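Structure first, then comments.
The values are calculated or read from the model by the stated rules, or taken from the named source; none is laboratory data. Bear in mind that the values here come from a model prediction, so they are computed numbers and not experimental data. Cβ placement follows ideal geometry from the backbone for every residue including glycine, while neighbour counts extend to all protein chains displayed. Accessible surface is based on the protein model in full, side chains and every heavy atom, while ligands, DNA and RNA are left aside. Shrake-Rupley method; radii C 1.70, N 1.55, O 1.52, S 1.80 Å.
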Amino acid sequence: MKLFYLIFFSIFTLYSQDQTILTNSEILEQARKTATEELKNEITIEKVATKYKIPWPAPKAESIADTEKLVILSAEKEYAKQYDDKSSSDFLKQAQAYYAPYEIGTKISIYKTQSLGSNPKVDGKYYGIDSYGLVKIGNARVPLIDISKRDTARFFPEKAVQLIKNYANGLEYDYNFKKKNILTAIKDKIRKDIYLKYGISLYRNKWIPTTTLVTGLRKQAIQIAIPTKRNALAAGIYQKNGYVLTGKKWSHPKIDFKPNDFDYMPKDLAIVDLENLMSAKNISISNSPLAKHPGAKYYDFEF
């Protein structure tokens with residue numbers, strides 16, 4: 001009886017020792033948790049901000065829409081310092097000056113539009129329109145067909161009303177187009193500094209609250225570094241638990257033990273051959289191991 005208890009105690013002790021051995025998944029999970037905690041201390045939010053050249057600590061992020069309004073106001077102020085702001089009335093005055101009527105008795109110069117080989121320039125005092133509809137300039141008589149649209153409107157102010165309006169609109173359109181491009185360039189130049197001032201950073205062509213960005217980059221850096229750190233820590237835990245590294249795989253003599261193949265493997269006989277063999281050896285079916293062990297298969301026994 002004492003021997004029985006001694007054997008039972010030895011088996012129980014061995015079983016208890018085996019139970020303390022961590023499995024492969026347990027070791028990797030333990031190493032992963034430890035690696036995560038260590039990396040949190042190693043990869044600080046300040047280091048991440050420095051790596052990506054993001055000013056830190058960052059102020060609380062404001063609304064992107066409100067911050068963009070500040071960018072627009074700043075750009076307009078900068079534009080006003082460099083350029084004169086113009087209104088529709090300014091362009092109207094410019095157009096009226098462009099189509100200013102020729103005054104009788106004043107010296108003018110025009111260029112004929114259909115002069116063939118002769119000097120197209122005509123200089124002299126303007127004396128009005130004669131009875132034939134020719135424009136009298138000095139000693140010259142110039143037909144209307146030979147005068148540009150602009151000069152015609154200056155000789156006949158009543159024809160210039162719509163031309164003045166169209167010209168003023170064109171000037172204003174060109175001015176606004178150039179102003180828009182200049183403002184866009186100014187905004188692109190000052191936006192980053194203003195956004196950073198109000199807690200917003202640019203990352204991969206997208207504006208993101210600086211705190212959210214740096215926190216996300218830190219989390220990403222930790223996740224990327226975990227596998228390498230985990231494997232390094234796992235090596236020590238494997239060794240502590242009695243694992244052996246074979247090639248690139250850790251294995252434990254007790255957990256991963258596989259018996260060698262038998263030196264001799266019984267052949268799988270057909271039922272007819274097996275019955276004939278049993279009959280030749282005077283073994284009855286009722287006395288065979290198959291009868292005593294119904295779960296066994298024919299080929300489990302050698303006769």
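In a simple Cβ point-charge model (Lys, Arg +1; Asp, Glu -1; nothing else charged), segment 47-121 has a dipole of about 400 debye relative to its Cα centre. Size descriptors for segment 191-245: radius of gyration and Dmax over Cα atoms are 19.6, 60 Å.
Counting only Cβ charges, +1 for Lys and Arg and -1 for Asp and Glu, the dipole size of segment 134-192 around its Cα centre is about 440 debye. The calculated FRET efficiency for Trp56 paired with Gln223, based on their beta-carbon distance and R0 = 25 Å, is about 0.75.
Between the beta carbons of Lys125 and Ser89, assuming R0 = 25 Å, the FRET efficiency works out to 0.15 to the nearest 0.05. Our estimate of slack between Ser279 and Leu183, defined as 0.36 nm per intervening residue step minus the Cα-Cα distance, is 23.8 nm. For segment 44-180, the solvent-accessible area with a 1.4 angstrom probe is 69 square angstrom per residue.
The per residue volume of the convex hull around the alpha-carbon atoms of segment 92-147 is 97 Å³. Between Ile255 and Thr36, what FRET efficiency follows from the Cβ-Cβ distance if R0 is 41 Å, with the result rounded to 0.05? Once rounded, the FRET efficiency stands at 0.95. Applying a threshold of 23 Å to the alpha-carbon distances of Lys77/Lys165; Lys86/Lys159; Lys93/Lys189; Lys136/Lys159; Lys81/Lys165 flags Lys77/Lys165; Lys86/Lys159; Lys93/Lys189; Lys81/Lys165 as lying beyond it.
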